[in-house]
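> Input: one structure, supplied below.
Just so it is clear, none of the values below were taken in a lab; they were calculated from the coordinates. In this text, all values refer to a predicted model and were calculated from it rather than measured experimentally. Cβ: placed from backbone, ideal geometry, glycine included. Neighbour counts: every protein chain shown.
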Amino acid sequence: MIDIKCETPDTLKLTDMKPFQGNLKKRTINNIKQLAESIKNDGLLMPFAIWHTEGINYLLDGHGRLDALYELLVTDPSIAEQDFPVLYIHALTEQEARQSLLQITSSYGHITKEGALKFCASIPEYKAPSINKYVHRKPHRHEEKVKDSFTRIHISVKTEYVDKVLELFKQFEYIRVLK
C-alpha cells in the first residue's frame, strides 16, 4: 500500500485513469524508478488531475506518478486495489483539455542553485532528483584545488552599487566576499 499524503473528495483506481498526454514529456526508466522510490518512501503527495468525458477519466497531470505506481505494483500488488485522490478539471472540449494539460505541465520558472541551497538547508539528508544537481553535487576536480588556494582581488565600487554587486557575487560559490 502507498501512503497517501493529500486529500480530495474524489478517488479512482489506477486502472480507471487513461493517459492523455501521449509523448509530450519524455521520462527515462531511471526517472520513473527515482519517482517510484520517492513515492514508496515519502508517500503520494499530489492528487491526479482528471478530465472526465463520455465515461472516460483522462489523466491530464500525473503521468509520471502513474508510471511510478505501476513500477511499484510489480512488488506490491495491493496498489491495484488502492483508491488514489483525484481532482477533476473542467473542459468542454478536447482542445480545452489539451490547453489545461499544457498549463498544468508548463514550467513558468526554474529552480536556482542559491534558492535550492537555502530551501534545503534544514533538510540536508533529503535527496530529490529535482534538487540534487544543486545541493548534493560533487565538486569538479579543479574546484577542489581552488578551495585551497585563494586569490585576493580588491574591487572598488561606487557606494550606490555596493548592495547590487554583493548580491551578484553571492550567486557564485567560488567568490568569497571579505569585508
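> Taking amide H positions as placed in the peptide plane 1.01 Å from N, state which residues far from Thr53 in sequence (5 or more) or on other chains have amide H under 5 Å from it.
Residues meeting the criterion, in which the H sits 1.01 Å from N, are Tyr58.
> Moving on. Name the residues whose placed amide hydrogens come within less than 5 Å of the amide hydrogen of Phe20, ignoring near sequence neighbours (fewer than 5 apart) on the same chain.
Under 5 Å from the amide H of Phe20 lie the amide H atoms of Leu59, each far enough along the sequence or on another chain.
> Okay, next question. I'd like to compare 120-126, 13-19, 73-79: which one has the highest average count of other Cβ atoms within 10 Å, and what's the full order after that?
Order by mean packing, descending: 13-19, 73-79, 120-126.
> Measure off 7 Å from each Cα along the Cα-to-Cβ vector at Leu117 and Glu167, then give the distance between these two points in nanometres to one decimal.
1.7 nm
> Right, something else. Taking H placed 1.01 Å from N in the peptide plane, check which residues at least 5 places from Val86 or on another chain put their amide H under 5 Å from its amide H.
Residues meeting the amide H criterion: Asp10, Thr11, Leu12, Phe48.
> Here is a further query. Bin width 5 Å, origin at 0, all Cα-Cα pairs of the range 10-105: what percent of pairs per bin?
Calculated P(r), rounded to whole percents: 3, 13, 25, 24, 20, 11, 5, 1.
> Sticking with this structure for a sec: Which entries in Lys127/Lys170; Lys33/Lys113; Lys5/Lys33; Lys13/Lys33; Lys5/Lys113 show an alpha-carbon gap greater than 26 Å?
Pairs exceeding 26 Å: Lys5/Lys113.
> Now for a different question. Once phi is turned into θ = phi - 60°, what whole-Hz ³J(HN,Hα) does the Karplus curve with 6.51, -1.76 and 1.60 give for every residue of the range 76-86, x standing for Gly and Pro?
Karplus values, whole Hz, x for Gly and Pro: 9, x, 5, 4, 5, 8, 7, 8, 10, x, 9.
> Hey, what do the phi angles of the range 103-113 turn into as Karplus ³J(HN,Hα) couplings, whole Hz, using 6.51/-1.76/1.60 and θ = phi - 60°, x for Gly and Pro?
5, 5, 8, 6, 9, 9, x, 8, 6, 9, 4
> Out of all DSSP beta bridges with both ends in the range 10-105, state the antiparallel percent to the nearest 5.
60 percent
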